[in-house]
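**Student:** Quick one: this structure, given as structure tokens, is what I'll be asking you about.
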Amino acid sequence: MGARRPVAMGLLFGFMVALWRNYLDAREIRHRIGATTAADLGAGGNSGFSRGFGTDDRIPNADPTPAVTEASSAASSDPTRPKELQNRQTTPKPKSTPKKSRIASAITPPAVRAVRLSYPDPFARPFVEPGCEPKPPDPALPGPRRLDWIADPLDTADADWPVNCGGHETLCDVLRKTAIDREVLAAVADSHAPGVYEFVDGIKRLGVENFMIIALDDPLHRRLTDQGVASYRVVNDAQGSHKISAQKFRIIQEFVERGCSVLLTDTDVAWMRNPFPFLYRDADVESMSDGWDNSSAHGFLDRVDDPSMGPDGRKRARAFRVAALNSGMWYVSATEASRRLMAIMAHRMATEDKLWDQAGYNLELWFASRDAHGTAGATVRVMDPLCFVNSKVMFRFIRHNQPALGKENHRPVAMHANYHTDKAHKMKLVYQYYTNGAGIDVLNCDVGCGPNLKTTHELESKVQHSINDGIVGSKKWTDATEGMWAARPGGPPGSKRPSEDPSHCAPPTPWNGAVAGVDRASTLHVVKRGRGGECGAGVDDDFAVASAAVCAAVDNLGDPNAPELILVTVGDDINEEAAFEALLRDGVTRLGLKGRVLVATTSSKAASAARSAGVKSVALVAAQLSSQPSKSKSAPLSSTALKWLAARLVLSQGWPTLLLDPRTALIRDPSGYFSRDSDVEVASDGWDDVTAYGYDHVVDDPEMDWSRFCHGGRVLTSDPGFALLMPTEEAAKLAGLVFGRIAYQTSLSNEADFEHLAFNEALFLPSHGAYVSPGVTRRTLNYMCFANSKHVFRFLRKDRRFKDRAEHAPVAVRLSYHPNEPARLGDVYAYYLKGKSGALNGWGDGVGRVKGGDAGGSGVGSKACAQSKSLKPGQGVDEARNEALASRLATNPNWSWGGVTPFVFEPGGALSTPWGPGEWGFVPAGSDGPGVVMAKFVGTPHVLSFETAGEGAGAVRHGMFVSERCTDGDMIVGRIYAELTDEDRKKLASARGG
């Protein structure tokens, strides 16, 4: 052992040195050449699929070689110029150069390995790396998505660039004279833009030679031309800053289609450095953020708490949260995805009068395709928020963190004066400090300049009644119900059972054909099907035994021509095994899917059941409680880790793979209901348009005054228990990353929850710093057609229209919110297949069955509801057992009700609500424990169970309640609310008829 350890450490040290040298080589190439492809950061080999993902297997644009271009200007390659005044030195490369990435092949790691992942935080103190140079990629990660260049330098010689110049000769002529390495810094402006000439002078002082103005009027164009500044005159009649901003997308589309990447800037940006050496160029869009800390700038997953779903499901869902990307400073690579993005945004700005350009741009980038709404599938990198700075970060963070972030140690590239009204003044102060020698005191200011930046959670701590409670019961089904029939332009048929029509839930054409050239299926990096990949190469790693079992199972698949392989993974859990037997009997066998199913399991019982049902493809692998691999080649796996290892292996052989949790009811064969235009097509944890498809969420920071409302994205997470992964490089990277993270964990109290977290972080989090996202394109499946159990049991079965199976029947129902109640699956089948009336209504929304067979809860309320007729206002207030809660209600009488305010517990047992007056009192002793209140209004009794709100130091005892309506068990969350406002008093007076 003593002799082996130095050898191992030496190998590790040598490997790290090789990584760093390869990174430096990559930086050298990026500074010599045009735009970066995924291979520049090791995507081709670092994914662990170098053996199975040969370039001949990819379509289209199979070449992963780093892009190489020649300078457009001899001055840019002048070695006497300061490094920061150069974009990248350029060296022509012959077209006959072999198409192989030396970087990718040099740093190929073992195919399967555990991954310890930590996300970079530029705001973390102490500031270890205050500089702005691009950070080397985390070597544990598989690398970014390979970009699909419109003018791939390996296929397009510099003499033939720009491309597609027919009808665009003027622009092409400007680009030939101005662009360096096929990219420009550009601003869209007219002569009325405030400070436009000062802005131009500032860029000229930096010596950025590939700078140009896209001029919207003749006076600006003439003056710039006279000054020798490159200008491209665009004729349009836009008036006003919003309308001008909206024109950006069509204009930039023209640049991108010529093969020119654009760093687009507003004129209220103060540039302190040439930006080009500080770009990563590994994403379709690289943008500054409006975020003010690590979580807001780079995104985070936030728990959504719905107590009505019971202990198994109340915290099942998370929400992806992120501040808006700012369209005033963003780099657009000349790729197919960028072209699609520009075309879609141009279409939306032309057809949606109320769409704000920045909101639309963010919704397209952060959210997945859904129904007929096809997003561009553009990958995102967030620029370093301490280098490409918004003015909130500059004046509320950088200036207050001295000397660590003082100009002697840290010099930003640019600042966008987007958070302050005195834009020109703030830009002047920044220039004085960074370029004119002024001290830090010059940045002193009053409004929107305080040091106490608060996190999103801190800013929203007093409005959880709106942020959380208002969303857990939302029910906006407009987009999804239209999407169910989007493939049938005439809408639902007139037959008796429209749900049986083949077009019901069928995938529609993106944008219903209204936007040309946005079908992204053709640019998926697909792997050819066949024995190959890691199975074909023979797996030699810590998971060899498990891998061999999966590979053998693939060989035994009953239907080699199946449209996809259905991967079902089963553990030793008794509920999971029961659900699997139901899936085999009522789903797989009934629908004739046995030839498509591969069962990977750690349960001998499940393996036996699968074989008895006629499933030929079964991989039985030894289980272990810990996922941490041993050093032997027979390391056992948990069933969750096995799932992702199997997915990775199957994808490497070119199989579209449906990850199917056994706790799923398959009503129909799902194969015909996938669009197959994304790397990942996945069911949502959401239950309506807002939660499943996402929305523009606003965070209020009152200290920012005029700019207090920060926009951003919010959407619920996706379900790893029902996801179609296309056999693409990116899907394989994602599967490998999720597997690696699960395999790294030494112990997990809730492995399914960690899987959910790891999967969604891989889907949602953008590249930033050393973290490189797998870059999968995403589609969210219609939540009415691919439903989760909250949607079905809390909402769908109670809806006056869609509870009728003749109106609607899902393709599948995932028991994601009720994982420990497999018996629910039988009643889902009983209702949708056999028409058994009331089959679904025997269950509560949350946990357990309902006495009497009526939908509702089975918790504390069911015992107390019988006492509702004898309720006396104010009863029990003086009882000792209710003292703590009675004191809370006396001190804090104002509450919310499902996000609606005010809801007031008046003295003496009176109740004031927006729906009219009511009464309240404590449930009598003997019915339930302390802390339970009966509230009656609009003629309906409700039982309110109080609990602690929040966690840790911010926890408030009796700070929230869960209400159960006695008539049907419907559940609502309420919370302590602030003091009544004048608007609240008006609501109550109106409800009383006063």
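The values are calculated or read from the model by the stated rules, or taken from the named source; none is laboratory data. Since we're looking at a predicted model, the values are computed, not measured. Virtual Cβ from ideal backbone geometry, glycine too; neighbours counted across all protein chains shown. Each accessible area value is taken on the protein alone, full model and side chains, heavy atoms only, with ligands, DNA and RNA left out. Shrake-Rupley method; radii C 1.70, N 1.55, O 1.52, S 1.80 Å.
**Student:** Quick one: is THR156 among the hydroxyl-bearing types (Ser, Thr, Tyr), modelled with pLDDT of 95 or more and either within 38 Å of the chain's Cα centre (by Cα) or part of a helix (DSSP H, G or I) (or both)?
**Tutor:** Details: among the hydroxyl-bearing types (Ser, Thr, Tyr): yes; modelled with pLDDT of 95 or more: no; either within 38 Å of the chain's Cα centre (by Cα) or part of a helix (DSSP H, G or I) (or both): yes.
No, not satisfied.
**Student:** Based on this model, can you work out whether TYR331 counts as closer than 28 Å to TRP161 by Cα, open to solvent by 20 Å² or more (accessible area, probe 1.4 Å), out of contact with any His (no Cβ under 7 Å at 6 or more places or on another chain) and of a type in the set (Phe, Trp, Tyr)? Before the answer, list the steps.
**Tutor:** On the way: closer than 28 Å to TRP161 by Cα: yes; open to solvent by 20 Å² or more (accessible area, probe 1.4 Å): no; out of contact with any His (no Cβ under 7 Å at 6 or more places or on another chain): yes; of a type in the set (Phe, Trp, Tyr): yes.
No.
**Student:** Can you tell me how many residues in the stretch 579-594 are more than 16 Å from LEU659 (Cβ to Cβ) and open to solvent by less than 20 Å² (accessible area, probe 1.4 Å)? Break it down into steps so the answer makes sense when it comes.
**Tutor:** Keep residues of the stretch 579-594 that are more than 16 Å from LEU659 (Cβ to Cβ), which gives 581-582, 584-586, 589-592, 594.
Going one step further and asking which of them are open to solvent by less than 20 Å² (accessible area, probe 1.4 Å), we end up with 582, 584.
Within the stretch 579-594, residues that are more than 16 Å from LEU659 (Cβ to Cβ) and open to solvent by less than 20 Å² (accessible area, probe 1.4 Å) number 2.
**Student:** Show the residue pairs meeting these rules: Cβ distance below 6 Å; 6+ apart or different chains; first residue within the stretch 880-896 and assigned by the TED database to the domain that holds PHE946; second residue open to solvent by less than 20 Å² (accessible area, probe 1.4 Å) and in a helix (DSSP H, G or I).
**Tutor:** SER896/HIS465
**Student:** Quick test of your reading of the structure: ARG975 fulfils all but one of (1) in contact with a helix residue (DSSP H, G or I) (Cβ under 9 Å, 6 or more places away or on another chain); (2) under 18 Å from GLY874 (Cα atoms). Name the failing condition by number.
**Tutor:** Looking at each condition in turn, ARG975 falls short on (2).
**Student:** To continue, here is another question. Condition check: touching a residue at least 12 places away in the same chain (Cβ under 8 Å) and in contact with a Phe, Trp or Tyr (Cβ under 8 Å, 6 or more places away or on another chain). Does LEU443 satisfy that? Spell out how you get there, then give the answer.
**Tutor:** Details: touching a residue at least 12 places away in the same chain (Cβ under 8 Å): yes; in contact with a Phe, Trp or Tyr (Cβ under 8 Å, 6 or more places away or on another chain): yes.
So LEU443 fits the description; yes.
**Student:** Is the stretch 909-923 home to any residue that is closer than 23 Å to ARG314 by Cα, open to solvent by 40 Å² or more (accessible area, probe 1.4 Å) and not aromatic (Phe, Trp, Tyr)? Walk me through how you get there before you give the answer.
**Tutor:** We begin by selecting, within the stretch 909-923, every residue closer than 23 Å to ARG314 by Cα; these are none.
The answer is no; no qualifying residue exists.
**Student:** Conditions first: (1) surrounded by 21 or more Cβ atoms within 10 Å (Cβ to Cβ); (2) part of a strand (DSSP E or B); (3) not hydrophobic (A, V, I, L, M, F, W, C). GLY969 passes all but one, so which condition is the exception?
**Tutor:** (2)
**Student:** What is the residue count in the stretch 558-575 for residues that are crowded, with 19+ Cβ neighbours inside 10 Å and either within 28 Å of the chain's Cα centre (by Cα) or over 24 Å from GLU751 (Cα atoms) (or both)?
**Tutor:** 7
**Student:** Name, by its number, the condition in (1) surrounded by 13 or more Cβ atoms within 10 Å (Cβ to Cβ); (2) among the hydroxyl-bearing types (Ser, Thr, Tyr); (3) under 40 Å from the mean Cα position of the chain (by Cα) that does not hold for THR948.
**Tutor:** (1)
**Student:** I've got another one for you. Restricting to the stretch 605-628, count the residues that are modelled with pLDDT under 95 and either surrounded by 21 or more Cβ atoms within 10 Å (Cβ to Cβ) or among the basic types (Lys, Arg) (or both).
**Tutor:** Residues in the stretch 605-628 being modelled with pLDDT under 95 and either surrounded by 21 or more Cβ atoms within 10 Å (Cβ to Cβ) or among the basic types (Lys, Arg) (or both): 2 in total.
**Student:** Additional query: Out of the stretch 188-230, which residues are basic (Lys, Arg) and either under 23 Å from LYS428 (Cβ atoms) or buried (at least 20 other Cβ atoms within 10 Å of the Cβ) (or both)? Break it down into steps so the answer makes sense when it comes.
**Tutor:** Of the stretch 188-230, the ones basic (Lys, Arg) are 204-205, 222-223.
The answer is LYS204, ARG205, ARG223.
**Student:** Write out, first by first residue and then by second, each pair whose Cβ atoms fall under 7 Å of each other, whose residues are 6+ apart or on separate chains, and whose first residue, in the stretch 126-153, is free of Cβ contacts under 8 Å to residues at least 40 places away in the same chain and within 15 Å of VAL332 (Cα to Cα) while the second is open to solvent by 40 Å² or more (accessible area, probe 1.4 Å) and of a type in the set (A, V, I, L, M, F, W, C).
**Tutor:** As it stands, the answer is none, since no pair meets every condition given.
Quick grid of which residues meet (1) open to solvent by 10 Å² or more (accessible area, probe 1.4 Å); (2) hydroxyl-bearing (Ser, Thr, Tyr); (3) in contact with a Gly (Cβ under 8 Å, 6 or more places away or on another chain):
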{"position": "ASP688", "(1), (2), (3)": "no, no, no"}
{"position": "PHE754", "(1), (2), (3)": "yes, no, no"}
{"position": "ALA762", "(1), (2), (3)": "no, no, no"}
{"position": "VAL772", "(1), (2), (3)": "no, no, yes"}
{"position": "LEU781", "(1), (2), (3)": "no, no, no"}
{"position": "LYS790", "(1), (2), (3)": "no, no, yes"}
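**Student:** Same structure again: Here is a check on your reading of the model: is TYR673 surrounded by fewer than 24 Cβ atoms within 10 Å (Cβ to Cβ) and under 13 Å from the mean Cα position of the chain (by Cα)?
**Tutor:** Values: surrounded by fewer than 24 Cβ atoms within 10 Å (Cβ to Cβ): yes; under 13 Å from the mean Cα position of the chain (by Cα): no.
No; evaluated as a whole, the condition is false for this residue.
**Student:** Would you check if GLU947 is among the charged types (D, E, K, R), touching a His at 6+ places or on another chain (Cβ under 8 Å) and either within 19 Å of LEU871 (Cβ to Cβ) or touching a residue at least 12 places away in the same chain (Cβ under 8 Å) (or both)? Give the derivation first.
**Tutor:** Details: among the charged types (D, E, K, R): yes; touching a His at 6+ places or on another chain (Cβ under 8 Å): yes; either within 19 Å of LEU871 (Cβ to Cβ) or touching a residue at least 12 places away in the same chain (Cβ under 8 Å) (or both): yes.
Considered against the rule, which asks whether it is among the charged types (D, E, K, R), touching a His at 6+ places or on another chain (Cβ under 8 Å) and either within 19 Å of LEU871 (Cβ to Cβ) or touching a residue at least 12 places away in the same chain (Cβ under 8 Å) (or both), GLU947 comes out as yes.
**Student:** Name every residue in the stretch 924-935 that is touching a strand residue (DSSP E or B) at 6+ places or on another chain (Cβ under 9 Å) and open to solvent by 50 Å² or more (accessible area, probe 1.4 Å), in order of residue number.
**Tutor:** The answer is PRO930, and nothing else.
**Student:** Restricted to the stretch 341-377, and to residues that are part of a loop (DSSP other than H, G, I, E, B) and acidic (Asp, Glu), which residue is surrounded by the fewest Cβ atoms within 10 Å (Cβ to Cβ)?
**Tutor:** Step one: list which residues in the stretch 341-377 are part of a loop (DSSP other than H, G, I, E, B), which gives 352-356, 367-368, 371-372, 374-377.
From what's left, acidic (Asp, Glu): 352-353, 371.
Working: GLU352: 10, ASP353: 6, ASP371: 27.
Looking at residues that are part of a loop (DSSP other than H, G, I, E, B) and acidic (Asp, Glu), I get ASP353.
**Student:** Would a scan of the stretch 700-715 turn up a residue that is surrounded by fewer than 22 Cβ atoms within 10 Å (Cβ to Cβ), aromatic (Phe, Trp, Tyr) and over 30 Å from TRP292 (Cα atoms)?
**Tutor:** Within the stretch 700-715, not a single residue is surrounded by fewer than 22 Cβ atoms within 10 Å (Cβ to Cβ), aromatic (Phe, Trp, Tyr) and over 30 Å from TRP292 (Cα atoms).
**Student:** Another question about this same structure. Tally up the residues in the stretch 271-299 that are open to solvent by 10 Å² or more (accessible area, probe 1.4 Å) and either closer than 29 Å to VAL792 by Cβ or in a loop (DSSP other than H, G, I, E, B) (or both), please.
**Tutor:** 5
**Student:** Can you work out which of the residues in the stretch 393-414 that are open to solvent by 10 Å² or more (accessible area, probe 1.4 Å) and without any contact (Cβ under 8 Å) to a residue 40 or more places away in the chain is farthest from PRO702 (Cα to Cα)?
**Tutor:** Kept after step one, since they are open to solvent by 10 Å² or more (accessible area, probe 1.4 Å), are these residues of the stretch 393-414: 397, 399-404, 407-409, 411.
Filter once more, keeping what is without any contact (Cβ under 8 Å) to a residue 40 or more places away in the chain: 402-403, 407-408.
On the way: GLN402: 25, PRO403: 28, LYS407: 29, GLU408: 32 Å.
Filtering the stretch 393-414 for residues that are open to solvent by 10 Å² or more (accessible area, probe 1.4 Å) and without any contact (Cβ under 8 Å) to a residue 40 or more places away in the chain, the one farthest from PRO702 (Cα to Cα) comes out as GLU408.
**Student:** Which one of these does ASP155 not meet: (1) within 30 Å of MET212 (Cα to Cα); (2) crowded, with 19+ Cβ neighbours inside 10 Å; (3) touching a strand residue (DSSP E or B) at 6+ places or on another chain (Cβ under 9 Å)?
**Tutor:** It fails just one condition, (2).
**Student:** Hey, can you tell me all the residues within the stretch 314-340 that are in contact with a Cys (Cβ under 9 Å, 6 or more places away or on another chain) and either under 22 Å from ALA692 (Cβ atoms) or part of a strand (DSSP E or B) (or both)? Before the answer, list the steps.
**Tutor:** First, the residues of the stretch 314-340 that are in contact with a Cys (Cβ under 9 Å, 6 or more places away or on another chain): 323-324, 334.
Selection gives ALA323, ALA324.
**Student:** Determine which single condition LYS177 fails, assuming it passes every other condition in (1) of a type in the set (Lys, Arg); (2) open to solvent by less than 20 Å² (accessible area, probe 1.4 Å); (3) more than 27 Å from SER522 (Cα to Cα).
**Tutor:** Among (1) of a type in the set (Lys, Arg); (2) open to solvent by less than 20 Å² (accessible area, probe 1.4 Å); (3) more than 27 Å from SER522 (Cα to Cα), the lone unmet condition for LYS177 is (2).
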